[in-house]
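J.: Have a look at this one before I ask anything.
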């Protein structure tokens, strides 16, 4: 049973670590499926994490804070859309600018508002998004079913369930809803969408803003869901990992989810593997090696060695 | 139509307007933070240019900006957006550290400098080589691959500092301090040989090397055949085909040069100042290179000026954070971000308004044909 | 059918100019309800601008648009669709992986963002399919359909939205004869339903066969409305290309055939051309003519080393080049071949670089020293010289080439290529966008070059130019040679017929 417990622990950690990446990757998916490159995920996550934590500190209401976090990220998304869609600015440059602004503004405001060297005060449990405890349908024991039910399925943060629910909603939305089809059309063949009499500009604006909302959830999860407050640069590259997952998952919600879970698993593994010998040969796999795997995989995907057919055809191109 | 606009429209008026807008936005943020802006400006100015020591630090930082600004600008001329200067600089540092810790200290100093310079260039270039190859021959998006290589570089650096290059007697993850014979001479040491007293600052001879690089780059881009081919490729791919230019070849060459420039940051930071390898020695200089290149209009000589400007901001900004409570060094990063936003992403925002204004001016004024 | 109806669409005194160029100059067009209306005219005559105005893609400077007797403003294609005007572009653009139905309803007004009931649309579309006899199912994936079927989907989408005037741009361009026949039957059906069909095309025979009226557009005006039943195809051709030669015919030299062959082309095949054969002698100007995409551009590109040939070969003063040769544009230049690309492609100059720098494009290797350094002064002097010789204004070598007018840009490209004193000069639309004085200068230079023994291959849409310059004309039709004609036997009417039909009657 010890083995099972370890696996459950590992999977549990993977899911927890995958969730922010998943939210961010879905945000990127919304924007990029409509044809707008989004390398500002990192910055938007950071800003929303800060906005969420700051609001939770003042109001004590986690759900209000989630809304504030989403709005903050949407504001940056609007800026991105304004630059790239309305003023034909370079999507990459705009993304870089957003990342820099986010990193500096959160640090400056954090210091200004809370005077704790850029961090927000630690939140108490009532101002954080709560965990969901499943009903007592299964009794607590060391049994297999009980372990699965209580440790793997129950007891996670509400936002984790939300993230995985969102994957399937988004998948259905893109495949079946009229708006979803317009969104993909804007990224695949904006000319065809234009010929059909739909405004490509408006469609892209909507998707970029929706992406912002989703990215806000990623940030909120970090600071008021999983964590209990904001720390300077707390995303540490998760936005780029999300971009990697988006590419690895070929811009499709369900494969992207698996990519995120895989990257979350690598993250969990990296923590677990610290100092553990491999097959008792005395060789220790460097943690850094596991850390860079997502990036290496992404490069391989981009190089076409794993196949990258899912890329929206008009991604990064102006109509 | 754009054809009727005067020549200074794109080269002077629009960039100046955009830069003012970025600075204005920065001032608004400072005002919102209850900072006395005039006072802050004075602190920045005095801190960066008020005395010898301030100027020394300003130019020390400007050296880094020149290297990364060149790196970004040269790639940009070929139409490549190299976000990987950060990682390429990191690799340069690794190379320099290896050389400085393993070469026999009795080596003639001139030879040593040549070796470390070549190593920094080589390591930086190698780190740019893979994204370049992937872009040229497999069509991979160079922005994403260079971002990924930044992360791989920083993990590699941590790994090496923990496992290979670590200083045995230190708690921090740093390399051992290099032998003093390998240090680059400080400019105040150099000037002392000529009998000129200068305040001791980390400014070292790599500053002169950075100036040389800018001059080389200027010659390369404006007066050489390869530079010509590079610019043609960046401007118009179809015309490049017409001119018989091979895109793959130019992409490879340009990215190698770009990576080498970024690698030189290590000369200044590692060999010139810290004399050891530290985890975060690149400290965002690679990304700042984007802002430097934009303000320098991608021209090597313009980059000298914009590097000094950012050097002033950097040095002045750190003085600011010492003087005004509640303000960190992040103000500099904020201004970089605003510059990239207004002068880069929103480059064309004011164009229609400015064109309209000019039309009004010329139609109400004399008929100037 | 003698009922007098209000025209379905009327364009009155439409003026439109782009920059300094007049595209339309008081054009008037009347399309009756339930008619098939052909529009013909040379390239650049303004017919596509006129259609773009009718569909709201561009706005006229002045003039009125009247739909069913009411003055209307068409601000966008969406507005045009609402007013019952539909347009089929030459290139269809669909979302390949979606079904016909999904593609058509994509532009419907959304009542519910998350779920849409497509059944009413489906029923409506099924009816249309049955009525017009379309050969596809609503659930077929667009990617699986042939071009002709996709075109039909485009038509059914227009009908679904209640189109009353349907504009088609070159609809028969890539249809097989039987597909064209099917399309014509469809046009008749549409006409009988009261829909007006407006066809812009170069295919005069087809238009002659099905149209009720054909309007001829020339120099920004509709110069004639013709009932096809009253004129022959020959006359129609004459109306299309028939205007007097503007420039005086320069005294041409007798063709110096047989002296020295510069180029021999043997059965070359590449993408878009099939089995091209001809020879060019020193001091000869050979023109390649044909409708757009008949293959004349490809022949030039193959000779210039920009496109690879798949079989066949050509022999250029002793250098034999076939599919296996490492032939490139750089190699072509070393063999003293110069190439002036179509100015539309904007590949002859770099707009963001100075004219001086643009004046060495392609010859940058010649201009630089051993270590790859340029002598800027030499470059500027070279440019000034060309500017003086070719009267390029403003004579400022430091100004960005993008700031020069199109005519001056083209003169610079010509100047640069001719200054290399090539043995073979390849020209694509050498005078497009150039004013009359510039054209004369270019012709003089070309004749001078010819006198020095340079062989010239010319591709031009301007038949007057072809007749003025060419010693020998090769007419291409659908990638093959239709006829080779010596200068003494040239007539514009015959050229027009050959280009359109691929063979001449007499």
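FYI, it's all coordinate maths here, none of it is from the lab. All figures in this text were calculated on a predicted structure; none of them were measured in a lab. Using ideal geometry, Cβ is built from the backbone for each residue, glycine included, and neighbour counts are taken over all protein chains shown.
J.: I need the calculated FRET efficiency for the pair residue C:389 and residue C:79, taking r as the beta carbon distance and R₀ as 56 Å, to the nearest 0.05.
T.: Efficiency at R0 = 56 Å is approximately 0.65.
J.: What residues from segment C:186-208 fall in the zone where the backbone N is under 17 Å from a label point 7 Å along the Cα-to-C-beta line of residue C:89?
T.: C:200
J.: Then there's this: What does the helix-only formula give at 222 nm for chain B: each DSSP H stretch with n ≥ 4 adding -39500 (n - 2.57), the total divided by the residues, and the result rounded to the nearest 500 deg cm²/dmol?
T.: Rounded to the nearest 500, the figure is -22000 deg cm²/dmol.
J.: Please report the spacing between the Cα centers of segment C:114-155 and segment C:346-390 in Å, no decimals.
T.: 56
J.: Hey, another quick one. Only counting other Cβ atoms within 10 Å, I'd like A:44, C:109, C:492, B:356 sorted with the fewest neighbours first.
T.: C:109, B:356, C:492, A:44
J.: Label residue A:250 and residue B:137 with points 7 Å out from Cα along Cα→Cβ: what is the distance between them in nm?
T.: Label-label distance for residue A:250 and residue B:137, simple model: 2.6 nm.
J.: Per DSSP H run of at least 4 residues, take -39500 (n - 2.57); add these up for chain C, divide by its residues and hand me the 222 nm value, nearest 500 deg cm²/dmol.
T.: Rounded to the nearest 500, the figure is -9500 deg cm²/dmol.
J.: Need the C-alpha centroid separation for segment B:239-299 versus segment A:207-255, integer Å.
T.: Between the Cα centres of segment B:239-299 and segment A:207-255 lies a distance of 29 Å.
J.: Now, a different point. If each of residue C:310 and residue A:67 carries a label point 7 Å out from its Cα toward its Cβ, how far apart are those two points in nm?
T.: 6.4
J.: Mean residue ellipticity at 222 nm from the helices of chain A, using -39,500 (n - 2.57) per DSSP H segment of n ≥ 4 over the full residue count, to the nearest 500 deg cm²/dmol?
T.: On the way: 12 runs with 203 residues, N = 319.
My calculation for chain A gives -21500 deg cm²/dmol from helical runs alone.
J.: Using the alpha-carbon centroid of each, what span in Å lies between segment B:139-171 and segment B:58-105?
T.: Each part reduced to its Cα centre gives a spacing of 14 Å.
J.: Could you order peptides A:33-43, B:85-95 by the average number of other Cβ atoms within 10 Å of their residues, highest first?
T.: B:85-95, A:33-43
J.: Next up: Looking at the square roots a ≥ b ≥ c of the eigenvalues of the Cα gyration tensor of segment A:102-175, which shape do they give, rounded for a/c under 1.5, prolate if a/b is larger than b/c, or oblate?
T.: oblate
J.: Roughly speaking, what is the stretch gain from residue C:444 to residue C:420, that is 0.36 nm per residue apart minus the C-alpha to C-alpha distance, in nm to one decimal?
T.: 7.0 nm
J.: Okay, moving on. Consider all pairwise Cα distances in segment C:348-420 and report the whole-number % of them above 18 Å.
T.: Of all Cα-Cα pairs in segment C:348-420, 28 percent lie more than 18 Å apart.
J.: How would you classify chain B from its alpha-carbon gyration tensor, with a ≥ b ≥ c the square roots of the eigenvalues: rounded for a/c under 1.5, else prolate if a/b is greater than b/c, otherwise oblate?
T.: On the way: a/c = 1.88, a/b = 1.27, b/c = 1.47.
Oblate.
J.: If you bin the C-alpha pair distances of segment C:9-241 every 5 Å from 0, what whole percents do you get?
T.: Here the calculated profile for segment C:9-241 is 1, 6, 14, 17, 19, 16, 12, 8, 4, 1, 0, 0.
J.: Which distance in nm do the two modelled labels at residue A:311 and residue C:271 give, with both placed 7 Å along the Cα-to-Cβ direction?
T.: So the two model labels end up 1.9 nm from each other.
J.: Further, regarding this structure: Ratio of Rg to Rh for chain A, alpha carbon only, Kirkwood? Could you put the intermediate results ahead of the total?
T.: Details: Rg = 20.2 Å, Rh = 20.3 Å.
With Rg and the Kirkwood Rh in hand, the quotient comes to 0.99.
J.: So if I restrict to the alpha-carbon atoms in the protein assembly as shown, what is the Rg, and what is Dmax, the biggest pairwise distance, in Å?
T.: Values for the protein assembly as shown (Cα only, Rg and Dmax): 34.3, 108 Å.
J.: Shifting gears a bit: Can you give the average number of partner chain beta-carbon atoms within 10 Å of each beta-carbon in peptide C:337-343, as a whole number?
T.: For peptide C:337-343, the averaged partner shielding equals 1.
J.: A further question follows. Among A:121, A:20, A:253, whose mean-square fluctuation peaks in a Gaussian network model of chain A (Cα, cutoff 10 Å)?
T.: Among A:121, A:20, A:253, the largest GNM mean-square fluctuation belongs to A:121.
J.: Using 1/(1 + (r/R0)^6) with R0 = 25 angstrom and r between the beta carbons of residue A:12 and residue A:139, what's the FRET efficiency to the nearest 0.05?
T.: 0.80
J.: Exposure proxy check: B:160, A:183 ranked by fewest other beta carbons within 10 Å?
T.: B:160, A:183
J.: Hey, another quick one. So what is the relative contact order of segment C:348-420, in percent, for Cα pairs below 8 Å that sit 6 or more residues apart?
T.: 40
J.: Something else: Determine the shielding of peptide A:194-203 by partner chains: average, over its residues, the number of Cβ atoms on other chains within 10 angstrom of each Cβ. All intermediate terms of the calculation are to be shown ahead of the outcome.
T.: Values: counts 4, 12, 11, 13, 5, 2, 0, 0, 0, 0.
Mean number of neighbouring Cβ atoms from other chains: 5.
J.: With viscosity set to 1.306 mPa s and temperature to 10 °C, compute the Stokes-Einstein D of segment A:21-149, Rh being the Kirkwood radius across alpha carbon pairs; µm²/s, no decimals.
T.: Values: Rh = 16.8 Å.
D = 95 µm²/s.
J.: Please report, to two decimal places, log10 I(q)/I(0) for segment A:163-222 at q = 0.15, 0.22, 0.23, 0.28 Å⁻¹ as given by the Debye formula with identical point scatterers on the Cα atoms and no solvent.
T.: -0.50, -0.89, -0.94, -1.15
J.: Quote the relative contact order of chain C in percent (integer), defining contacts as alpha-carbon pairs under 8 Å separated by 6+ residues.
T.: Values: 942 pairs, mean separation 73.4, N = 506.
That works out to 15 percent.
J.: Give the average over all directions of the projected area of the C-alpha convex hull of segment A:69-135, one decimal, in nm².
T.: 7.1
J.: Ranked from highest to lowest mean number of other Cβ atoms within 10 Å per residue, what is the order of the peptides C:310-316, C:282-288?
T.: C:282-288, C:310-316
J.: Sticking with this structure for a sec: What is segment B:182-293 by shape, rounded, prolate or oblate, if you read a ≥ b ≥ c off the alpha carbon gyration tensor as root eigenvalues and call it rounded for a/c under 1.5, prolate for a/b larger than b/c, and oblate otherwise?
T.: prolate
J.: Across peptide C:102-114, what mean number of C-beta atoms from other chains lies inside 10 Å of a residue's C-beta?
T.: Rounded to a whole number, the mean comes out at 5.
J.: Express the relative contact order of segment B:215-353 as a whole percentage, based on alpha carbon pairs under 8 Å and six or more residues apart in sequence.
T.: Taking the mean separation of contacting Cα pairs over the length of segment B:215-353, I get 16 percent.
J.: Could you sort the peptides B:254-265, B:13-24 by per-residue average Cβ neighbour count (10 Å cutoff), highest mean leading? Let's see the in-between values first.
T.: On the way: B:254-265: 30.1, B:13-24: 16.8.
Taking the mean over residues of other Cβ atoms within 10 Å, the ranking is B:254-265, B:13-24.
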